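The values are calculated or read from the model by the stated rules, or taken from the named source; none is laboratory data. Because the structure is predicted, anything quoted here is derived from the model rather than measured. In this analysis, Cβ positions are derived from the backbone assuming ideal geometry, glycine residues included, and neighbour counts consider all displayed protein chains.
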Amino acid sequence: MGVPPAVRSGVKALVRTPVVGQALYSLNTQPSFLKWMYRRHVFVDEQHLTPDYMQQRHQSTQQPGARYAPAAFVTGGLDPVPSREAFLQALEQLACPVMVVLAEQAPPASKAEMAAMAALAGVQSTRLPGTLGQAEEYGETVAAAIQSFLAVENP
């Protein structure tokens, strides 16, 4: 979220509250809001956002306990390390080949994280079309890049 830990904790606590958290999640998962979010930073080509697709996305948000996952994601609760620096240090210490797929149309903050990883010595990178939903929207292109990397790195 790019905000202080106290704000992140507050958001997590708010989402967990029975009435307010449920209401906020309900507003954030309305099909019209989901479509706006997908247009804004998940997909590049709006034609993928068919009524059927958006209905599937909405249904996935309505599962029991579903509101906790996005809150954990947005507030950093799923992050394995506390900072970019710690992540980059861990990445540098890996004893295996690493490839980063940079999404050309990703939001600036996400793109900066991708670029920081790609700048490390020993990290192979490729730039492909897409944004945060790149693997879904451009699955074949992303898969081809990964297959090529695996074929070169693991003959």
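On the stretch given as segment 69-93, residues that are in contact (Cβ under 8 Å) with a residue 12 or more places away in the chain, in contact with a helix residue (DSSP H, G or I) (Cβ under 7 Å, 6 or more places away or on another chain) and of a type outside the set (Val, Ile, Thr) total 6.
When Val101, Val142 are checked against the criterion of being β-branched (Val, Ile, Thr) and more than 13 Å from the chain's Cα centre (by Cα), a single residue qualifies: Val142. If you go through segment 112-141 one residue at a time, how many are in a helix (DSSP H, G or I) and out of contact with any Ser or Thr (no Cβ under 9 Å at 6 or more places or on another chain)? Final tally of qualifying residues: 8.
From the list Met54, Met99, pick out the single residue that is among the aliphatic types (A, V, I, L, M), surrounded by 14 or more Cβ atoms within 10 Å (Cβ to Cβ) and in the same structural domain as Leu24 (by TED's automatic domain parsing).
Answer to the check: Met54.
Restricting attention to segment 145-154, does a residue exist that is closer than 29 Å to Thr29 by Cα and of a type in the set (Phe, Trp, Tyr)? No: segment 145-154 contains no residue that is closer than 29 Å to Thr29 by Cα and of a type in the set (Phe, Trp, Tyr). If you go through segment 128-148 one residue at a time, do you hit one that is at positive phi and in contact with a strand residue (DSSP E or B) (Cβ under 7 Å, 6 or more places away or on another chain)? Yes; the residues of segment 128-148 include at least one that is at positive phi and in contact with a strand residue (DSSP E or B) (Cβ under 7 Å, 6 or more places away or on another chain). Comparison of Val81, Val101 shows that the only residue that is out of contact with any His (no Cβ under 8 Å at 6 or more places or on another chain) and either part of a strand (DSSP E or B) or modelled with pLDDT of 95 or more (or both) is Val101. Regarding Gly10, is this residue outside the structural domain of Glu104 (by TED's automatic domain parsing) and in contact with a Lys or Arg (Cβ under 9 Å, 6 or more places away or on another chain)? Here the answer is no, as Gly10 does not meet what is asked. For segment 61-99, the set of residues classified as of a type in the set (S, T, N, Q) and either in contact with a Ser or Thr (Cβ under 9 Å, 6 or more places away or on another chain) or closer than 18 Å to Lys12 by Cβ (or both) consists of Thr61, Gln62, Thr75, listed by residue number.
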